[in-house]
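Contents: one structure, followed by commentary.
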Amino acid sequence: MRNTKELITNIKRMSSPDELLKEDYREIDFPTYIKEVMKEHNIKPRDIIVQLNMEKSYFYQIMKGRRAPRRDFLLKFAFLLHMNLDETQQLLEIAHRTPLYPRNKKDAAAIYAITHKMNYEQYETILETLEDEHE
């Protein structure tokens, strides 16, 4: 699967709009995308279920497209796979969830944690600190 930057570069170089009919330019559904990401990172569904401490049925409903993933699940998934910010934003976009927005404190904390290669627990610690200071 090509990343967004590669696709944009290729579109700019196209000599005909007919080239947009190629497979690479079709919208990808979330279950297909998450399966590709898992394959790229060599991670099994069982590993995700265990490491994210989630219900098996919820995960498989997402994988079959029967349920839309919650934003919190997507962030945990991104942290688990050590996705960078662009990959995380793409994950959220494909799942039809709002991207991380820096003017939102919780999102700003996620952006900070992702760019500083922190894990999900460290991100939660940042959130707790922000909540404590806000009170």
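The values are calculated or read from the model by the stated rules, or taken from the named source; none is laboratory data. Values in this document were obtained by computation on a predicted structure and should not be read as measured data. We place every Cβ from the backbone using ideal geometry, glycine too, and count neighbours over all the protein chains shown. We work out accessible area using only protein heavy atoms, side chains counted, and drop any ligands, DNA or RNA first. Shrake-Rupley method; radii C 1.70, N 1.55, O 1.52, S 1.80 Å.
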* Quick one: pull the percent of accessible area on the chain belonging to carbon and sulfur, 1.4 Å probe, ligands and nucleic acids left out. => 49
* **Computed P(r) (all Cα pairs; the chain; 10 Å bins; percent)** => 11, 37, 32, 15, 4, 1
* Where a label projected 7 Å from the Cα of H41 along Cα→Cβ would reach, residues of region 71-92 with amide N under 13 Å -> 73-92
* Structure fact -> With the 1.4 Å probe rolled over protein heavy atoms, region 3-122 has an accessible area per residue in Å² of 68
* Structure fact -> Going residue by residue through region 94-101, the Karplus relation 6.51 cos²θ - 1.76 cosθ + 1.60 with θ = phi - 60° gives ³J(HN,Hα) values, rounded to whole Hz and with x marking Gly or Pro, of 5, 7, 6, 10, 5, x, 5, 10
* Structure fact -> With -39,500 (n - 2.57) per DSSP H segment of 4 or more residues and division by the full residue count of the chain, the 222 nm estimate, nearest 500 deg cm²/dmol, is -18000 deg cm²/dmol
* Which links in K76/K105; K44/K64; K22/K117; K12/K105; K22/K56; K39/K76 stretch past 25 Å when you go from one Cα to the other? -> K22/K117; K12/K105; K22/K56
* Structure fact -> Out of Y101, H116, T88 - ranked by how far each Cα lies towards the positive end of the dipole of the chain, with unit charges on the beta-carbon of charged residues - the top one is T88
* In region 1-104, what GluC sites (Glu not before Pro) fall in a loop by DSSP, with at most 11 other Cβ atoms inside 10 Å? -> E27, E55
